[in-house]
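The values are calculated or read from the model by the stated rules, or taken from the named source; none is laboratory data. This is a predicted model, so every value here is computed, not measured. As a convention, Cβ positions derive from the backbone with ideal geometry for all residues, glycine included, and neighbour counts pool all protein chains shown. Surface areas here come from the heavy atoms of the whole protein model, side chains and all, with no ligands, DNA or RNA. Shrake-Rupley method; radii C 1.70, N 1.55, O 1.52, S 1.80 Å.
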Amino acid sequence: MFEAITNNDLEWDSGQKWYARSLCKKFVVEGVVDGETFTVTKMLNSNAQVNMTGHRSYEHLAVNLAGNNTVFESAHYHSNMPISDVDGDQSFLLYSIENQDRYWAVIEEQVSDNDMVVLFKNAQTNGNWVAYQYQDCGVSSPHGKVKRGNLIHSKVKKGYAPIGSTLRGDLTTLY
């Protein structure tokens, strides 16, 4: 799994150059969008500096092997920020589906100025924690409270049960 950005910080249009860093931090690649595919043009040094922070084009790319070819594809989920951008001291309410290694966490309601953030981890993310931020949706705003309540209700209907409250730093190391 790779986290990727475009060099124009916005669009994933054909011909657009992109950069990706593996979540394990061992691989960095450069590529170009070619229609619906992500073509790798160059392998970079694993120490190459690729700053993923604050990019609106941030997303995850999955790697699949097709014969002798390595194919990059959009992940089957959305992530719009690196997990490292989420404050390690931020408190989250954690949910899981028992015996399935599926976790979901939502930012605690008492956080006043922050946008709504959810974290999740499952088979599609290859066991990596992933972050999604709802832009312009403050947790303490009326819209944010309704959105948070609806998200929790949706997860409970899908079989998720609350585990408890935890800090993001603890969450990503304990589960």
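The strands (runs of 3 or more DSSP E) found wholly in the range 18-94 and carrying at least 3 residues that are open to solvent by less than 40 Å² (accessible area, probe 1.4 Å) and either of a type in the set (A, V, I, L, M, F, W, C) or modelled with pLDDT of 85 or more (or both) occupy 28-34, 59-66. LYS42 meets the conditions (1) under 15 Å from GLU73 (Cα atoms); (2) touching a strand residue (DSSP E or B) at 6+ places or on another chain (Cβ under 9 Å); (3) of a type in the set (D, E, K, R); (4) without any contact (Cβ under 8 Å) to a residue 60 or more places away in the chain in every case but one. The failed one is (1). Among the residues of the range 113-160, those that are aliphatic (A, V, I, L, M) and either open to solvent by 40 Å² or more (accessible area, probe 1.4 Å) or not in a strand (DSSP E or B) (or both) comprise ALA123, VAL139, VAL146, LEU151, ILE152, VAL156.
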